[in-house]
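Peer 1: Please see the structure below; I have some questions.
The values are calculated or read from the model by the stated rules, or taken from the named source; none is laboratory data. Source: prediction; values computed, not measured. So basically every Cβ, Gly included, is an ideal-geometry build from the backbone, and we count neighbours across all protein chains shown. The accessibility values were calculated without ligands, DNA or RNA, using every heavy atom of the protein model including side chains. Shrake-Rupley method; radii C 1.70, N 1.55, O 1.52, S 1.80 Å.
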Amino acid sequence: MAVKKTLVLCALACSGVEGLEFGEMGDTSFGMGGAGVALENSAWGLYYNPALLDIDARSKLGYSFGVGVREKNILPLASNALQVFNQSDTIAQSLQGLMSSSTLQTLADGGRISINANQGPNERTIVNAGNALKDFLNLNGLHVDSQNGIVVQIHPKMKKIKGGIGTFGIGVFASLFAGASAVVDPRHNKLIFPFTIDGNNVYTRAQINANSISFQQSTQSAYLNSSLLSSNANNAARVQALAIGSVPIGYAKGFDLKKAGRISVGVTFRYLYTLSYGLGISGNVDQVINQAQNLFSNFSFSMQDMVRQSHFGLDLGGAYRIKGFTLGLVGKYLNAPKIRYAHLPDMRIDPQVRLGLGYRWKWLNLAMDFDLTSNKMLMLDKRSQMIGGGVMFNWKWFALKLGAMGNVAQAGLHQGVILTGGIRLFRVLDFSVQSGLQTVALGGSAASGILGSLADMKLPNYLAFRVGGGWEW
């Protein structure tokens, strides 16, 4: 298993395997746990499932603008590092006792030394920082996105043609995705480091627990074969961004099955114009540090580093409705367009398949979606497979949306449950928000120092806002 994970890591560092997740557009689905594949009471069928365009006989207009930020174990590491810096003088005094000759001799003789968080505030800060580092090395990522668009769907009234000619949709989308992450070689993730005691080389392994950090003697073999600091380690870090402008054109045709319900099939063809930019480093710790130093010292942004491309995307969808229930299935980017980078390997937007279930009764709307594919994200070794759903109470001049969602992919960011909600006013103005239940203190382990009282502030690790609206007729 370890060898397999190492091969995967090497592939990530050397080839472009990142992609895009399904994403979200429109305030209705955004406030209902991201569910939209079978949600007929929305103007955004062109994005979620083109078959929804003709599942009912209404023309619709929608607009939506939003931004979202998610992170994992980056803010905790930064805030704890800030706390260590703030207490650096007193921490140095505490470490002097730990580094005394008698204590080090205990370690050289095969004994164990430790830092216990209950010894005092300095020790607590050191242990907290150690745990933040441990969590970061195990899993990390930062993702920022903004998805915006305007859509119109028109259902022509053709009384002379039985069943009509279907429904057409067109939109203009502008989206930005940016991701940053680092991946540690899974075969070299132990904290084993060398130092000298009385002229003798000693290898020491640090074991970090919730309330203590302990050190005990290790071996040169363990250092070379499993240490993060080993010259044999192969780590990777990457920052990349992708801007997409698209003009989707969709068509759907529904067929009335009378008592057996209604079935609809739809297709979306989209023109894509992309701007891509990214930088990456890889190797052992010394190589990564040297590459990072060279990158920062010699960095100069040039428009030539941004690759401009034109592509097309193809989506296919189906929907079946009976007695208020709707079942939807969609495949997006079925042609898997390739994105080129100037300083990174190419990446593909792999096909995304999602299943949805919806229900509509007068002012009540229910919806639930589940990704059938585990979609690659714009971060190293990260995937997204979302499941989510919600409810909307939709009255004439006011609507309330509530929902929840989460990423169930094994290689996801593991951000837990994300709550969603929103309100619609006068049928034309929508406000929605998504927030993760996991939070992190902004300023580290104590409300003192540089950030003052702001250090107590806790932020969710997933936060997104969206404003929009629309009309149906």
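Peer 1: Going down the table (LYS159/LYS332; LYS157/LYS259; LYS160/LYS396; LYS253/LYS323), which pairs top 30 Å between alpha carbons? Don't skip to the end; give the middle numbers.
Peer 2: Values: LYS159/LYS332 33 Å; LYS157/LYS259 23 Å; LYS160/LYS396 32 Å; LYS253/LYS323 19 Å.
Pairs exceeding 30 Å: LYS159/LYS332; LYS160/LYS396.
Peer 1: Ranked highest first by average number of other Cβ atoms within 10 Å, how do 60-69, 378-387, 191-200, 284-293 line up?
Peer 2: Those peptides, ordered most packed to least, come out 378-387, 60-69, 284-293, 191-200.
Peer 1: Here's something else I'd like to know. Normalising by the residue count of the stretch 84-169, find the relative contact order in percent from Cα pairs under 8 Å and 6+ residues apart. Intermediate results must be reported in sequence, preceding the final value.
Peer 2: On the way: 47 pairs, mean separation 15.3, N = 86.
Relative contact order comes out at 18 percent.
Peer 1: Measuring from centroid to centroid over Cα atoms, what is the spacing of the stretch 299-352 and the stretch 175-241 in Å?
Peer 2: 36
Peer 1: What lysines could a cross-link reach from LYS72, if we take a straight Cα to Cα line under 18 Å and drop same-chain neighbours fewer than 8 places away?
Peer 2: LYS134, LYS376, LYS382, LYS458
Peer 1: In Å², and per residue, what accessible area does the chain have when probed at 1.4 Å with the other protein chains present? Before the final figure, lay out the partial values.
Peer 2: Numbers: 22060 Å² over 473 residues.
Using a 1.4 Å probe on heavy atoms only, each residue of the chain averages 47 Å².
Peer 1: Taking 8 Å as the Cα distance limit and 6 or more residues as the minimum spacing, I'd like the relative contact order of the stretch 144-286 as a percentage.
Peer 2: Working: 304 pairs, mean separation 36.5, N = 143.
With pairs under 8 Å counted, the relative contact order is 26 percent.
Peer 1: Below 20 Å, Cα to Cα, which lysines can LYS401 reach? Residues fewer than 8 away in the same chain don't count.
Peer 2: Reachable lysines: LYS60, LYS362.
Peer 1: With contacts defined as alpha carbon pairs under 8 Å and 6 or more residues apart, what's the relative contact order of the chain in percent? Write out the running numbers ahead of the final one.
Peer 2: Values: 1318 pairs, mean separation 103.0, N = 473.
So the answer I get is 22 percent.
Peer 1: In the stretch 210-302, what chymotrypsin sites (Phe, Trp or Tyr not before Pro) fall in a loop by DSSP, with at most 12 other Cβ atoms inside 10 Å? Show your work: numbers first, answer last.
Peer 2: Working: sites: PHE215, TYR223, TYR251, PHE255, PHE269, TYR271, TYR273, TYR277, PHE296, PHE299, PHE301; in loops: PHE299, PHE301.
Within the stretch 210-302, the qualifying chymotrypsin sites (Phe, Trp or Tyr not before Pro) (loop, at most 12 other Cβ atoms within 10 Å) are PHE299, PHE301.
Peer 1: Right, another one. Compute the normalised compactness of the chain: alpha-carbon radius of gyration over 2.2 N^0.38 Å, N being the residue count.
Peer 2: Values: Rg = 26.6 Å, N = 473, 2.2 N^0.38 = 22.8 Å.
That works out to 1.16 for the chain.
Peer 1: Something else now. Give me the Debye-computed log₁₀ of I(q)/I(0) at q = 0.11, 0.17, 0.19, 0.27 Å⁻¹ for the stretch 351-434, equal point scatterers on Cα only, no solvent, two decimals.
Peer 2: -0.38, -0.77, -0.88, -1.23
Peer 1: Another question about this same structure. For the chain, which whole-number percentage of the solvent-accessible area (1.4 Å probe, protein heavy atoms only) is attributable to carbon and sulfur atoms? Before the final figure, lay out each step's value.
Peer 2: Values: 13950 of 22060 Å².
Here it works out to 63 percent.
Peer 1: As an exercise, find the ratio Rg/Rh for the stretch 279-386 from alpha-carbon atoms, using the Kirkwood inverse-distance average for Rh. Don't skip to the end; give the middle numbers.
Peer 2: Details: Rg = 21.1 Å, Rh = 17.8 Å.
Across the stretch 279-386, the Cα-based Rg/Rh ratio is 1.18.
Peer 1: Same structure, new question: Distance from the Cα centre of the stretch 354-387 to that of the stretch 87-120, in angstrom?
Peer 2: 50
Peer 1: May I ask for the angle, rounded to the nearest 10°, between helix 88-98 and the longest principal axis of the chain, with both axes built from Cα atoms and the value confined to 0 to 90°?
Peer 2: So the helix axis and the longest Cα principal axis differ by about 50 degrees.
Peer 1: Between ASN225 and TRP361, what is 0.36 nm times their sequence separation minus the Cα-Cα distance? Round to one decimal in nm.
Peer 2: Working: separation 136, 0.36 × 136 = 48.96 nm, distance 6.22 nm.
Full extension of this stretch gives 42.7 nm more.
Peer 1: In addition: At a probe size of 1.4 Å, how large is the accessible area of LYS338, to the nearest 10 Å²?
Peer 2: 90
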